[in-house]
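Scroll down for the structure; my scribbles are underneath it.
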Amino acid sequence: MTAPHTLAVLGLGRMGAALATRLAAQGWDVVGWTRSGRTSGTVQVTGDPSAAVAKADLVLLSLFDGPACQQVLDDVRDSLRTDTIVLNTSTIAPAEASELARRLGPSYVHAPVLGSVPAAAAGTLQILAAADQDTLDRARPVLETLGTVRRVDDASTAAALKLIANNSLAGAVLALRDSLRQADALGLPRTQVLDVLELGQLGGLVGRKRPFLLGEPPAATAEFTIGALAKDMALLAAASNTPLRSAAGLADTPAGPEADIAVAATVPAVGDAVVEPLRAYISGHATGDPAHFRDAFLPTAHIEGIRDGAFVSWRLDEYCALFQGRPALDEPTRSRRIDSIDVHGTVATATMTLSHGPDTFTDVFLLVRVGDGWRIANKAYHRHS
């Protein structure tokens with residue numbers, strides 16, 4: 001079967017415009033369309049997607065999410081020729097990819113891409129392509145103009161692998177955030193920190209995103225936005241039905257959804273106000289003075305866990321009665337460390353590790369904002385002997 005010559009690119013956002021421009025520059029007859037009305041200076045654009053699709057041998061989708069793909073395909077379905085290939089590069093849920101493959105049959109190629117705008121412009125994307133062999137052979141010239149093709153068994157698997165790849169990117173962004181927060185706490189100059197981080201495992205990310213990480217006006221618009229990556233992590237968490245820390249970590253980034261993903265790494269650590277009750281709690285253990293616990297906890301708080309093989313749930317007064325107003329004899333050898341704090345508006349969660357002689361405790365806190373400050377609403381603990 002002959003390879004396609006006339007291409008319709010539906011979706012001219014950052015990636016869609018880069019794909020269309022690359023294909024046009026390599027000699028393909030490309031017409032583009034976008035719901036936003038955005039134009040591309042190097043590609044012919046039409047306001048009627050059905051007219052573009054009617055003339056196309058291959059329709060390439062580069063849309064934000066699954067519902068957008070379904071809506072656009074519904075709108076142009078009657079204009080698709082029976083031999084037209086639908087090549088979908090969008091990042092969508094595995095179930096959404098399977099449904100599109102079922103609806104469109106052997107003419108559908110699910111082909112999410114690894115790489116951003118520069119890779120699309122250079123034709124160096126990594127493409128996860130799932131399709132019937134005949135359809136893939138027809139689409140291959142187009143795909144190989146954009147990058148390297150890696151065949152995948154089915155549309156669901158291709159979509160899932162793309163989400164896993166983006167999860168590794170989200171993890172790198174949040175690891176970079178942690179490094180920058182720790183460096184700020186140590187008073188280290190940001191430029192010097194980035195110089196050193198660029199030598200290590202995060203070096204590629206730091207090198208590409210340095211202007212964003214330094215808060216400088218970027219030379220170009222975002223290649224991949226916080227909103228898009230947060231969307232992908234929400235899709236992954238829903239598809240896997242497995243807790244995903246990066247989904248919450250990105251969703252809570254105060255920067256706008258159109259900001260570059262690197263901006264998510266520059267979010268400062270939580271303010272002192274939410275840490276104060278945790279520090280008061282540490283002081284209570286260090287001194288044995290229950291007054292510190294009364295400063296840390298709400299009066300209605302409960303402290304719960306397993307003690308001597310039985311579940312206990314102490315009211316605050318009962319918990320305070322366990323302390324005698326003086327430090328433990330081995331206090332100089334004890335340590336306490338705040339491991340994490342996650343703030344979600346007026347509530348927060350935190351974890352702490354306490355090493356008390358032969359025992360190590362993991363404490364998990366629920367905190368609430370009260371007026372201008374924070375208090376611990378409840379604590380649960382696990383004792384490691």
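Considering the alpha-carbon set of the stretch 151-230 alone, what are its Rg and its Dmax in angstrom?
15.4, 50
Ranking request for peptides 367-380, 8-21: highest mean number of other beta-carbon atoms within 10 Å first, then the rest in descending order.
8-21, 367-380
Which three numbers, in whole Å and largest first, are the semi-axes of the equivalent ellipsoid of the stretch 219-281 derived from its Cα gyration tensor as √(5λ)?
After scaling each eigenvalue by five and taking roots: 26, 19, 6 Å.
So, in Å, what gap is there between the alpha-carbon centers of the stretch 324-385 and the stretch 297-323?
13
May I ask you to evaluate 6.51 cos²θ - 1.76 cosθ + 1.60, the Karplus curve with θ = phi - 60°, for each residue of the stretch 365-378 and list the ³J(HN,Hα) values in order in whole Hz, giving x for glycine and proline?
10, 10, 10, 10, 7, 10, x, 8, x, 10, 9, 7, 7, 7
With no solvent and one point on each alpha carbon, what is the Debye value of log10 I(q)/I(0) for the stretch 1-134 at q = 0.12, 0.18 Å⁻¹?
Result of the Debye calculation: -0.40, -0.97.
As a test of the formula, what do you get for the chain when each DSSP H run with n ≥ 4 contributes -39,500 (n - 2.57) and the sum is divided by the residue count, at 222 nm and rounded to the nearest 500 deg cm²/dmol?
Result for the chain, helices only: -12500 deg cm²/dmol.
How fast does the stretch 190-347 diffuse by Stokes-Einstein, in µm²/s, taking the Kirkwood radius from C-alpha pairs at 10 °C and 1.306 mPa s?
For the chosen part, D equals 81 µm²/s.
So if I restrict to the alpha-carbon atoms in the stretch 269-372, what is the Rg, and what is Dmax, the biggest pairwise distance, in Å?
Expressed in Å, the Cα Rg and Dmax of the stretch 269-372 come to 13.8, 40.
Show which lysines lie in cross-link reach of LYS231 when reach means a straight Cα distance below 24 angstrom and same-chain residues fewer than eight apart are skipped.
LYS162, LYS209
Taking all protein chains as present, what is the carbon and sulfur share of the accessible area of the chain, in % to the nearest whole number, probe 1.4 Å?
Carbon-and-sulfur percentage of accessible area, whole number: 53.
Under the 0.36 nm per residue contour assumption, what length would be gained going from the current alpha-carbon distance of ARG294 and ARG151 to full extension?
45.3 nm
When ligands, DNA and RNA are left out and all protein chains stay put, how many square angstrom of accessible area per residue does the stretch 54-203 have with a 1.4 Å probe?
Computed with neighbouring chains in place, this is 44 Å² per residue.
Between ASP330 and ILE306, with labels modelled 7 Å along Cα→Cβ, what's the label distance in nm to one decimal, could you check?
According to this spin-label approximation, the distance is 2.1 nm.
Highest first, please rank the peptides 359-366, 145-152 by the mean number of other Cβ atoms sitting within 10 Å of their residues.
By packing density, highest mean first, the sequence is 145-152, 359-366.
To the nearest 10 Å², what's HIS5's accessible area with a 1.4 Å probe?
Result for HIS5: roughly 100 Å² accessible.
May I ask you to work out the translational diffusion coefficient for the stretch 65-121 at 10 °C, viscosity 1.306 mPa s, via Stokes-Einstein with Rh from the Kirkwood sum over Cα pairs, reported in whole µm²/s?
Here the translational diffusion coefficient equals 130 µm²/s.
Expressed in nm to one decimal, what extension gain is obtained for the pair GLU258 and LEU199 from 0.36 nm per residue of sequence separation less their Cα-Cα distance?
Full extension of this stretch gives 18.4 nm more.
In the chain, how does Rg compare with the Kirkwood Rh, expressed as the Rg/Rh ratio over alpha carbon atoms?
Ratio value, two decimals: 1.12.
Under a crude label model (7 Å from the Cα following the beta-carbon direction), how far is GLN70 from SER385 in nanometres?
The two pseudo-label positions are separated by 5.4 nm.
The values are calculated or read from the model by the stated rules, or taken from the named source; none is laboratory data. These numbers come from a predicted model, not from an experiment. Cβ coordinates were reconstructed from backbone atoms using ideal geometry, including for glycine residues, and neighbour counts include every protein chain displayed. Surface accessibility is based on the protein's heavy atoms, side chains included, excluding ligands, DNA and RNA. Shrake-Rupley method; radii C 1.70, N 1.55, O 1.52, S 1.80 Å.
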